[in-house]
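Reading through the structure tokens given below for one structure.
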Amino acid sequence: MEISVVAGNITQQESPAIVVGMLQGVTNPSGVLGEVDQALDGAITSLIEDGELKGNRGELTLLHTLGKLPSKRVVVAGLGNSDSISINTVRALAASVGRLLRSKGVTQFGSVVLGSGEGGMGESESAQAVVEGAELGLYRFDKHKSDQSSPQVEAITLIATDDSKIANIESGVNRGRIIADAVNLCRSMANEPPNFMTPTMMAENALDIATSTGIEIEVLDRPQMLELGMGALLGVAQGSDEPPKLIVLRYHGDPNNEENNLGIVGKGITFDSGGLDLKSAAGMLEMKSDMAGGASIIGAMKAIAQLKPKVNVVGIVPATENMPGGKAQRPSDVVKAMNGKTIEIGNTDAEGRLVLADGVAYARSLGITKIVDVATLTGAVVVALGNLASGIFGNDQNWIDTVIQSGESVGERLWQLPTFDEYKEQYKSDIADINNTGGRGAGATIGVDRLGRWR
């Protein structure tokens with residue numbers, strides 16, 4: 001999608017559609033909204049008076065200009081109360097606008113920078129939110145469909161009120177595009193059928209990113225994993241004919257300060273049958289996306305390489321299938337993780353914590369001091385929190401608080417769940433250091449990889 005920034009009067013914009021924002025409770029349109037209203041002979045004021053147009057958050061009203069403006073349509077987008085406007089609300093609004101116009105066959109449109117100047121948002125932050133919303137809201141995965149003739153929005157023009165604002169808006173556009181592109185890469189990888197996203201193909205995707213951005217890549221194969229003692233990862237992998245891969249991406253943002261580092265580790269189970277503890281047919285159907293944690297790492301590394309933060313980042317993806325082949329690990333087997341801990345296999349479908357155990361141990365072996373483990377780990381956390389927040393666990397409260405605050409700043413809610421020492425009783429093993437399962441109670445906590453925490 002092409003996104004451009006120009007300065008000018010939106011009422012003079014010649015386009016299939018233009019978009020303007022409206023705050024909740026406005027009775028006398030002013031500013032850009034007032035100019036559009038005046039050009040439409042008071043149509044917006046009339047709708048306000050009739051109670052049809054209120055400016056509620058997310059409210060979209062499509063008006064046909066009938067030749068009164070160079071643009072054929074006007075979308076009035078409800079911003080809600082000025083006190084509640086944020087990057088998250090603007091992002092969601094821009095996504096809704098894009099989908100509405102696409103449904104009308106509109107392939108390009110112009111828009112004000114929604115939310116700019118409202119709720120303390122500047123031009124750059126607002127532009128970033130608009131671009132992210134549009135790019136994410138208009139995302140489709142139709143790669144494998146033979147008919148791809150459905151209309152797509154191909155271009156958006158953001159219209160600044162004067163030239164002095166263009167630089168800030170363009171900065172926000174650039175950042176928004178980088179982030180949205182990384183998110184959509186993750187989505188596309190997770191949406192691929194499992195025969196198109198094997199561990200090898202996942203590594204090839206990472207290689208493409210490394211080649212295009214200039215970051216370093218290393219892919220460890222089974223012999224190297226054996227040498228490193230990654231028995232937890234290899235135990236999961238042994239039931240599949242597809243070879244496992246440990247994908248390692250490195251970005252050097254502060255090369256003269258090795259202690260300024262961050263490790264991000266993501267689960268890369270490209271298909272999860274459950275192993276010998278086989279899932280039900282319905283439970284297995286969506287398990288192609290069990291590698292979404294790993295895909296998010298690859299997407300994040302692509303964005304990091306372009307945003308260039310001053311920090312050294314290592315992205316690690318332990319990638320394998322979990323299959324019930326003749327060589328598959330069995331319930332009651334014992335495997336040894338890279339850090340030396342032995343694990344009794346209580347359930348072969350609790351495989352994510354096993355591959356992540358070796359992923360985190362590898363990150364620690366590199367001297368990484370701060371680690372974020374991103375996992376499509378267990379449905380138990382969805383039972384606890386629903387779909388409105390992700391659970392977060394950790395052993396360093398300052399680091400946990402930093403990650404939570406980072407999530408809040410971009411509209412990603414994180415809710416801290418406990419890791420009381422007493423939970424260790426639930427996954428004790430009679431024959432190994434720990435068991436990989438611990439019963440239904442506190443399933444999300446028990447599922448967290450804590451192998452490196454007690455030594």
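The values are calculated or read from the model by the stated rules, or taken from the named source; none is laboratory data. Small disclaimer: the values here were computed from a predicted structure and weren't measured. Don't worry about glycine lacking a Cβ; one is built from the backbone with ideal geometry, like all the others, and counts go over all protein chains shown. Areas reflect the complete protein model, heavy atoms only, side chains present, ligands, DNA and RNA absent. Shrake-Rupley method; radii C 1.70, N 1.55, O 1.52, S 1.80 Å.
Computed values, structure above
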| quantity | calculated |
| --- | --- |
| Residues located in the range 35-64, provided they are part of a helix (DSSP H, G or I) and surrounded by 14 or more Cβ atoms within 10 Å (Cβ to Cβ) | Glu35, Val36, Asp37, Gln38, Ala39, Ala43, Ile44, Thr45, Leu47, Ile48 |
| Residue within the range 113-130 that is within 16 Å of Met22 (Cα to Cα), assigned to a helix (DSSP H, G or I) and hydrophobic (A, V, I, L, M, F, W, C) present | yes |
| Top-ranked residue in the range 1-26 [being among the hydroxyl-bearing types (Ser, Thr, Tyr) and outside any strand (DSSP E or B); ranked as nearest to the chain's Cα centre (by Cα)] | Ser15 |
| Pairs, first under 27 Å from Leu278 (Cα atoms) in the range 240-255, second open to solvent by 30 Å² or more (accessible area, probe 1.4 Å) and hydroxyl-bearing (Ser, Thr, Tyr), C-beta under 8 Å, six or more apart | Glu242/Thr200; Pro243/Thr200; Lys245/Thr200 |
| The range 184-205 - residue that is over 17 Å from the mean Cα position of the chain (by Cα) and in a loop (DSSP other than H, G, I, E, B) and, of those, farthest from Asp241 (Cα to Cα) | Pro193 |
| Test for Asn387: is it in contact (Cβ under 8 Å) with a residue 40 or more places away in the chain and either closer than 22 Å to Glu344 by Cβ or open to solvent by 60 Å² or more (accessible area, probe 1.4 Å) (or both) | no |
| Test: residue in the range 90-97 that is open to solvent by 60 Å² or more (accessible area, probe 1.4 Å) and either in a helix (DSSP H, G or I) or out of contact with any helix residue (DSSP H, G or I) (no Cβ under 6 Å at 6 or more places or on another chain) (or both) | no |
| Strands (runs of 3 or more DSSP E) (entirely within the range 215-300) containing at least 2 residues that are of a type in the set (A, V, I, L, M, F, W, C), touching a Leu at 6+ places or on another chain (Cβ under 8 Å) and open to solvent by 40 Å² or more (accessible area, probe 1.4 Å) | 216-220 |
| Strands (runs of 3 or more DSSP E) fully within the range 368-434 counting 3 or more residues that are under 23 Å from Ile269 (Cα atoms) | 371-374, 390-392 |
| Qualifying position, being in a helix (DSSP H, G or I) and open to solvent by less than 40 Å² (accessible area, probe 1.4 Å), among Ile159, Ile178 | Ile178 |
| Top-ranked residue of the range 196-212 - restricted to ones that are within 13 Å of Ile269 (Cα to Cα) and not small (Gly, Ala, Ser), ranked as surrounded by the fewest Cβ atoms within 10 Å (Cβ to Cβ) | Thr200 |
| Some residue of the range 27-34 being part of a helix (DSSP H, G or I), aliphatic (A, V, I, L, M) and in contact (Cβ under 8 Å) with a residue 60 or more places away in the chain | yes |
| Every pair of residues 6+ apart whose Cβ atoms lie under 8 Å, when the first sits in the range 354-367 and is farther than 18 Å from Ile343 by Cβ while the second is of a type in the set (Asp, Glu) and surrounded by fewer than 24 Cβ atoms within 10 Å (Cβ to Cβ) | Gly367/Glu258 |
| Residue in the range 319-326 that is open to solvent by 10 Å² or more (accessible area, probe 1.4 Å), hydroxyl-bearing (Ser, Thr, Tyr), outside any helix (DSSP H, G or I) and touching a strand residue (DSSP E or B) at 6+ places or on another chain (Cβ under 7 Å) present | no |
| Selection within the range 332-363 - β-branched (Val, Ile, Thr) and outside any loop (DSSP other than H, G, I, E, B) | Val334, Val335, Thr342, Ile343, Val355, Val360 |
| Count of the range 327-352 residues which are open to solvent by 40 Å² or more (accessible area, probe 1.4 Å) and either under 21 Å from Gly379 (Cα atoms) or aliphatic (A, V, I, L, M) (or both) | 5 |
| One residue from Asp208, Asp147 being of a type outside the set (Lys, Arg), out of contact with any Lys or Arg (no Cβ under 7 Å at 6 or more places or on another chain) and assigned to a loop (DSSP other than H, G, I, E, B) | Asp147 |
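Here's the yes/no breakdown for (1) over 24 Å from the mean Cα position of the chain (by Cα); (2) modelled with pLDDT of 95 or more; (3) among the hydrophobic types (A, V, I, L, M, F, W, C):
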residue	(1), (2), (3)
Lys54	yes, yes, no
His64	yes, yes, no
Lys68	yes, yes, no
Val75	yes, yes, yes
Gly78	yes, yes, no
Asp83	yes, no, no
Val90	no, yes, yes
Ala95	no, yes, yes
